[in-house]
Amino acid sequence: MKEVISLHVGQFGVQFGNALWELYCLEHGILPNGELQDSVIDQAGISGFYEEGINRRFSPRAVYCDLEPSVIDQVRAGEYKDLHREERLISGSEDAASNYARGRYTTGNQLFHDTAEAIRKQAEQCEQMSGFFSFHGLGGGTGSGFNSLINELISDEYCKKGMTELALFPSAQMSTSIVEPYNTVLATHATMDITNCVILVDNEAMNNLAQKQLNLEKAKYSNLNRLLSQAISATTSSIRFDSHLHSDFMDFHTNLVPFPRLHFPVLSLSPINSPEVLITDPLNTVDITTKCFDKNHRMATCTNENGLYMACCLMFRGDITTKEIHDALASLKKEVKFVDWSPTGFKIGLTYEPPITIPGSEIGKTSRSVCMLCNNSAMQTVWRNLYRKYHMMSTKGAFYHWYLSEGMDEIEFVEAGEDIRTLISDYNEVSLN
């Protein structure tokens, strides 16, 4: 089994990591203290994401890092405090103050050595490491600045390993800082040529999902993290369990990224139901697959409904037959528009291990599910909206002094803005087919 090292950076990365590893442990039969339940027979997929230690206790192949201590302190004192190794929980004493430059050039530098050492030790414990999976926000200072520093380290030291990211994109209606456009553009520019694949999600889209599908009028971030963890579990299920697709971590990049710069797929999951919704009949595979293409099931806000698909991976879980999948794809091919040069269209994965939900959570049980990762030209609207906000502030030099005082050069603002404009143009060329 090839190993994957997870990196949880900043507040979002750490808090989402709590939800994700809670679910992983449940799926693999690992208790909060790292012990394996006696009932677990199939242990084949555990070694890819967990390391076995003394007395057969398993710990995640993961590094948690945040520039301020409070969020990681909650991990140290929480229910899963004995699951994670202390040397892989790295926290500083001063946050990045929602400033990319602070996370990259000043405060972040103070924590860089410890983080690099933790990653190195993790990599040494792997027999056949496949790559890294990073989880971070783009709007904050740590998730943007410090994460870009970590990405450069991985690019330099582990250049032949894959790097996939899950990045929380700023939300128009749920913004937490006025300088989120700066942080996002600067971080995207810094990592454009060194990251293989960045799955974009945003709180606004996930909040809408929680309201409409889970009947949560006021969803908490913990609700959104558990919802998102179901989708990420689905994307990695074919790595952790027997499957016909994505048996290697690098398959993400091969199947989803036709051009190196256009590496920003969108995530969807179906079905999503509250526990109150009683499902007595077997879920129709055609229906749940079709819902993945519905904008209301996307985990990133994308206003353009006329985009063309460059690539599409569908990962099925549970009691689904290949015939059902074939029938679902046959119905979709009439509706889903691909670019002319896309050779095969859909990439399919099937894992017979059914999805699992956290007992007592806001997400209902289901015997089958489908998760979609798609690369669509409609993403240009996301970047265009971001660039518009970035340009409005940068032309006035608004808040530049916050960044320049932390050691950043003003030319970085110019180069980053031009890079995003080029990215928008790249997507536009694809949309013209």
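Please treat every number below as a calculation from the coordinates, not as lab data. Keep in mind that this is a model prediction, so the values were computed, not measured. In this analysis, Cβ positions are derived from the backbone assuming ideal geometry, glycine residues included, and neighbour counts consider all displayed protein chains.
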(request) Express in whole angstrom the spacing between the alpha-carbon centres of region 338-413 and region 37-104. (result) 24 Å
(message) Just to confirm a number: summing +1 for Lys and Arg and -1 for Asp and Glu over residues other than Asp66 whose beta-carbon lies under 13 angstrom from that of Asp66, what do you get?
(response) -3
(request) Among Arg226, Arg368, Arg421, determine the one that fluctuates most according to a GNM of the chain built with springs between C-alpha atoms less than 10 Å apart. (result) Arg421
(request) Give a residue-ordered list of calculated ³J(HN,Hα) values for region 48-63 (Karplus: 6.51 cos²θ - 1.76 cosθ + 1.60, θ = phi - 60°; whole Hz; x for Gly, Pro). (result) x, 10, 10, 10, 7, x, 5, 6, 6, 9, 9, 10, x, 7, 8, 10
(message) Explain nothing, just the number: dipole magnitude of region 382-431 about its Cα centre with +1 on each Lys and Arg Cβ and -1 on each Asp and Glu Cβ, in debye rounded to the nearest 20.
(response) 420 debye
(message) Compute, for the chain, the length of the dipole vector about the Cα centre, with Cβ point charges of +1 (Lys, Arg) and -1 (Asp, Glu) only. Units Debye, rounded to 20.
(response) 900 debye
(request) Report, in debye and to the nearest 20, how large the dipole of region 1-159 comes out about its Cα centre when Lys and Arg carry +1 and Asp and Glu carry -1 on their Cβ. (result) 200 debye
(request) Name the aspartates and glutamates eligible as straight-distance cross-link partners of Lys160: C-alpha to C-alpha under 17 Å, and not fewer than 8 places from it in the same chain. (result) Glu3, Glu124, Glu127, Glu152, Asp193, Asp248, Asp251
(message) Test of understanding: given the chain, find the longest segment containing no GluC sites (Glu not before Pro) that are in a DSSP loop and have at most 13 other Cβ atoms within 10 Å.
(response) 128-216
(message) Run lengths n ≥ 4 of DSSP H only: what is the helix-derived mean residue ellipticity at 222 nm for the chain, with -39500 (n - 2.57) per run over all residues, to the nearest 500?
(response) -12000 deg cm²/dmol
(request) Return the sequence-ordered ³J(HN,Hα) values of region 123-136 in whole Hz as given by the Karplus equation 6.51 cos²θ - 1.76 cosθ + 1.60 applied to θ = phi - 60°, using x for Gly and Pro. (result) 4, 5, 7, 8, 8, 8, 5, 8, x, 10, 10, 9, 10, 6
(message) Quick check on the exposure proxy: order Thr357, Thr107 from fewest to most C-beta atoms within 10 angstrom.
(response) Thr357, Thr107
(request) Find how much the distance from Ser425 to Glu117 grows on full extension, using 0.36 nm per residue of separation minus their present alpha carbon separation; answer in nm with one decimal. (result) 107.0 nm
(message) Using +1 at the C-beta of Lys and Arg and -1 at the C-beta of Asp and Glu, which of Asn109, Val71, Ile90 has the Cα lying farthest in the positive direction of the dipole of region 67-114?
(response) Asn109
(request) Give the residue from Gln380, Ala398, Ser361 lying farthest towards the positive end of the charge dipole for region 331-433; charges sit on Cβ (+1 for Lys and Arg, -1 for Asp and Glu) and the dipole is referred to the Cα centre. (result) Ser361
(message) Based on DSSP loop calls and a cut-off of at most 15 other Cβ atoms within 10 Å, the longest stretch of the chain free of exposed chymotrypsin sites (Phe, Trp or Tyr not before Pro) is what?
(response) 1-340
(request) Take Val286, Val71 and order them by how many other Cβ atoms sit within 10 Å, fewest up front. (result) Val286, Val71
(message) Taking the beta-carbon count within 10 Å as an exposure proxy, list Met372, Met1 from fewest neighbours to most.
(response) Met1, Met372
(request) Mind scanning Lys295/Lys337; Lys2/Lys347; Lys291/Lys337; Lys212/Lys389; Lys291/Lys365 and naming the pairs with a C-alpha gap bigger than 19 Å? (result) Lys2/Lys347; Lys212/Lys389
